[in-house]
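Every read-out reported here was derived from the displayed coordinates using simple, explicitly stated rules and does not represent laboratory data. It should be emphasised that the depicted structure is a prediction, and the values quoted were computed from it without experimental measurement. Cβ placement follows ideal geometry from the backbone for every residue including glycine, while neighbour counts extend to all protein chains displayed.
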Amino acid sequence: LIGAAEPVPLAPILQRDRRRWTAADLLNADFPEPQWLIPGILPAGLTLLAGRPKVGKSWLALQIAHAKGIGGEVFGAAVDKGSVLFLALEDSPARLADRMKLQSWTAEADVQFQTSCTVAELAAILDRDRFDLVVIDTFSRLFLDVDQDDVSATTKALGQLQDLAQAGGFSVLLLDHHRKGADGDAVLDVLGSTGKSAVADTIAGLFRHRGERDATFKTVSRDCEEVELTLRFGRDLGIWSVVDYGERCPQTGAIIDALRDEPDTLTGLSRKLNLSKSTVSRALAELHNAGRTKLDEDRRYWLVGG
């Protein structure tokens with residue numbers, strides 16, 4: 001057409017703007033390996049951990065924070081050491097100290113606690129200090145003025161938190177509550193609007209009936225397959241442990257067979273088995289934590305014990 005603008009070549013635009021990708025770019029890109037808060041169980045990112053009042057969420061959050069602060073274990077999985085900010089907005093310092101002593105905390109744990117905080121104060125703290133994990137207990141105590149039944153309001157609140165996490169490169173473990181009549185659905189049972197579950201990268205639910213010793217821990221995530229564990233709370237130590245710990249990922253058998261042939265990297269196994277990196281990473285985490293594999297300096301996994 002006369003006067004029509006010349007078509008703009010696509011390639012230069014894509015090179016300038018990494019929000020846009022060609023199909024070939026995405027298929028051929030070698031993205032970083034998935035990161036984990038708890039290998040094989042909880043991916044890094046924004047995790048919403050919900051449950052009924054007094055079910056034991058705060059005990060579990062404290063357990064995870066301790067493991068992160070010392071480089072310990074949760075549910076038999078090795079957690080990378082890192083710095084932690086714990087907003088204990090429902091606890092007093094005395095209660096925190098009592099629980100930490102019961103869980104056998106050490107003074108060397110790289111964890112800082114704060115018992116009151118606003119969203120603005122949190123943003124200022126995270127702009128000044130570097131953390132690998134931020135634990136918030138609970139949603140309602142941090143976002144005091146947010147109508148939890150308002151999709152727009154909850155989406156905006158969690159969106160702000162997710163933006164802070166992505167900008168700072170840290171994970172968030174945000175504790176929340178289940179609605180009345182929760183029936184065991186990790187996503188649908190979260191109190192309030194669907195805006196919460198829509199924003200979170202992972203939704204975890206802790207389910208236990210009154211009077212029962214064991215609980216069910218379920219996760220639904222964008223970055224890995226669903227996990228369901230049976231947990232038991234040890235009142236003498238204040239620790240949740242896995243009752244049925246073992247190989248939970250069905251792909252572990254295929255990965256063991258592949259490693260019998262030759263050692264390989266996560267990327268190599270993903271391509272060889274035509275599985276996503278997140279699936280392979282979760283299976284490798286389970287095998288590694290169980291002592292079935294070892295990792296060399298070239299990031300290749302070797303099978304231990306045949």
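Using only alpha carbon pairs under 8 Å that are at least six residues apart, calculate the relative contact order of the chain and give it in whole percent.
19
Distance check, please: which entries in LYS101/LYS218; LYS57/LYS180; LYS81/LYS272; LYS68/LYS156; LYS196/LYS218; LYS81/LYS196 exceed 20 angstrom between their Cα atoms?
LYS101/LYS218; LYS81/LYS272; LYS68/LYS156; LYS81/LYS196
Based on the alpha carbon coordinates of region 63-148, what radius of gyration and maximum Cα-Cα distance (Dmax) apply, in Å?
For region 63-148, the Cα-based Rg and Dmax read 13.6, 39 Å.
Apply the Karplus parameterisation 6.51 cos²θ - 1.76 cosθ + 1.60, with θ equal to phi minus 60°, to every residue of region 119-124 and state each ³J(HN,Hα) to the nearest whole Hz, in sequence, with x for glycine and proline.
Result, rounded to whole Hz: 4, 5, 5, 4, 4, 5.
Using packing as a proxy for protection, rank 89-95, 79-85 so that the peptide with the highest average count of other Cβ atoms within 10 Å comes first.
By packing density, highest mean first, the sequence is 79-85, 89-95.
Show me, for region 151-157, the HN-Hα J-couplings you get by feeding each phi into the Karplus relation (A = 6.51, B = -1.76, C = 1.60, θ = phi - 60°), rounded to Hz, glycine and proline as x.
Taking θ as phi minus 60°, the curve returns 4, 4, 5, 5, 4, 5, 4 Hz for region 151-157.
Roughly what % of DSSP beta bridges within the chain run antiparallel, to the nearest 5?
DSSP beta bridges in the chain are roughly 50 percent antiparallel.
Where a ≥ b ≥ c are the square roots of the eigenvalues of the C-alpha gyration tensor, would you call region 99-238 rounded, which needs a/c under 1.5, or, failing that, prolate if a/b is larger than b/c, or oblate?
oblate
What Rg and what Dmax come out for region 174-306 when only alpha-carbon atoms are used, in angstroms?
Final numbers for Rg and Dmax: 17.9, 52 Å.
In a GNM of the chain with a 10 Å cut-off on Cα contacts, which of GLY192, GLY234, GLY181 has the highest mean-square fluctuation?
GLY181
Order these peptides, 199-209, 154-164, by their mean beta-carbon neighbour count within 10 angstrom, highest first.
The most tightly packed comes first, giving 199-209, 154-164.
At 10 °C and a viscosity of 1.306 mPa s, what translational diffusion coefficient does Stokes-Einstein give for the chain, taking Rh as the Kirkwood radius over Cα pairs? Give it in µm²/s as a whole number.
In µm²/s, the coefficient is 75.
Let me check against my output: what whole-number percent is the relative contact order of region 131-186, with C-alpha pairs under 8 Å and at least 6 apart?
Rounded, it is 53 percent for region 131-186.
Around LEU191, with a cut-off of 11 angstrom between Cβ atoms, what is the net charge of the other residues, counting Lys and Arg +1 and Asp and Glu -1?
The answer is +1.
Tell me the net charge near ASP176. Cut-off is 9 Å between Cβ atoms, ASP176 excluded, with +1 for each Lys or Arg and -1 for each Asp or Glu.
+2
If I take R0 = 25 Å and measure r between the Cβ atoms of TRP21 and GLN160 in this structure, what FRET efficiency does the formula 1/(1 + (r/R0)^6) give, to the nearest 0.05?
0.40
What is the packing order of peptides 35-44, 167-176, 22-31, taking the mean over residues of other C-beta atoms within 10 Å and listing the highest first?
Order by mean packing, descending: 35-44, 167-176, 22-31.
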